[in-house]
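A quick write-up on the structure given underneath.
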Amino acid sequence: MPFVELDTSLPAERLPPGLAQTLCTAAADVLGKPAERVNVTVRSGLPMVLSGSAEPCAQLVVSSIGVVGTAEQNQQHSARFFDVLTAQLGLGPERIVIRFYPLEPWQIGKNRTVMTFL
């Protein structure tokens with residue numbers, strides 16, 4: 001059950017229509033998970049500073065069980081997410097940062113229990 005959260009200083013009107021769905025589809029493909037398990041949040045117009053600069057930027061946080069736990073996995077994921085983000089947001093890769101967080105099944109609650117028991 002991946003969680004993908006995009007924070008950006010870009011105003012909402014500069015984001016392409018359907019960006020959340022595009023990120024959902026991309027995350028499912030990149031992480032090898034079914035799209036119906038991917039959760040996406042997009043927050044725009046945020047006051048942000050990246051690398052000391054307030055120029056337009058974005059931060060993507062990707063959390064998932066079993067697929068973001070190694071440097072090798074995340075290097076591959078990073079390249080693919082950067083391709084999507086630079087194309088969708090019109091930002092250079094130097095204005096985007098990605099953070100990966102591995103999750104354990106007991107850390108995600110669903111249907112009144114945790115994923116461990118589903």
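Data overview
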read-out	value
LEU91 vs. criteria within 20 Å of CYS24 (Cα to Cα) and not basic (Lys, Arg)	yes
Residue list for the range 7-21, restricted to those being of a type outside the set (A, V, I, L, M) and either under 11 Å from the mean Cα position of the chain (by Cα) or part of a loop (DSSP other than H, G, I, E, B) (or both)	ASP7, SER9, PRO11, PRO16, PRO17, GLY18
For LEU23: the one exception among (1) open to solvent by 20 Å² or more (accessible area, probe 1.4 Å); (2) closer than 19 Å to GLN73 by Cα	(1)
Residue count for the range 1-20, restricted to those that are hydrophobic (A, V, I, L, M, F, W, C), in contact (Cβ under 8 Å) with a residue 60 or more places away in the chain and open to solvent by 20 Å² or more (accessible area, probe 1.4 Å)	3
Count - residues of the range 74-118 that are in contact with a helix residue (DSSP H, G or I) (Cβ under 7 Å, 6 or more places away or on another chain), outside any loop (DSSP other than H, G, I, E, B) and touching a residue at least 60 places away in the same chain (Cβ under 8 Å)	3
Matching residues in the range 1-46 - criterion: being hydroxyl-bearing (Ser, Thr, Tyr) and touching a Pro at 6+ places or on another chain (Cβ under 8 Å)	THR8, SER9, THR22, SER44
Selection count where residues are open to solvent by 50 Å² or more (accessible area, probe 1.4 Å) and touching a strand residue (DSSP E or B) at 6+ places or on another chain (Cβ under 6 Å), scope the range 65-96	1
Candidate set from the range 35-67 (those that are assigned to a loop (DSSP other than H, G, I, E, B), of a type in the set (A, V, I, L, M) and free of Cβ contacts under 8 Å to residues at least 40 places away in the same chain); member that is farthest from PRO105 (Cα to Cα)	VAL49
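The values are calculated or read from the model by the stated rules, or taken from the named source; none is laboratory data. Remember, predicted model here, so these are calculated numbers, not experimental data. Positions of Cβ are generated from backbone atoms using ideal geometry, with glycine treated the same way; all protein chains shown enter the neighbour counts. Side chains included, ligands, DNA and RNA excluded: accessible areas come from the protein's heavy atoms. Shrake-Rupley method; radii C 1.70, N 1.55, O 1.52, S 1.80 Å.
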